[in-house]
Amino acid sequence: MSDAEIARHKDPKRLFFNYHRATKPLYKKPLYKDPRAFIALLIIVLLAIFIADVVEKEKVGKPPIEIHKML
């Protein structure tokens, strides 16, 4: 690369921005300390547990499918 091409790609402001973006955390507060985020995560986890429980109960209640009868 020539000196002109190198000079064109030098951008100290962009370098400074990228450095701060890489070293500082994305959020000011952790998600578990933010009440809205904590409640949203709690609802998602409880919903996933509920759905897994319902699916498991449905599997227990149904007899296994016999393949040779379907053919």
Please give the length that would be gained between residue 33 and residue 59 if that part of the chain were fully extended, namely 0.36 nm times their separation in residues minus their C-alpha to C-alpha distance (nm, one decimal).
5.6 nm
So, for the Cα atoms of the stretch 1-57, Rg and Dmax in Å stand at 22.9, 70
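Each value in this text was obtained by applying a stated rule to the coordinates, not by laboratory testing. As the structure is a prediction and not an experimental result, all values here were calculated from the model.
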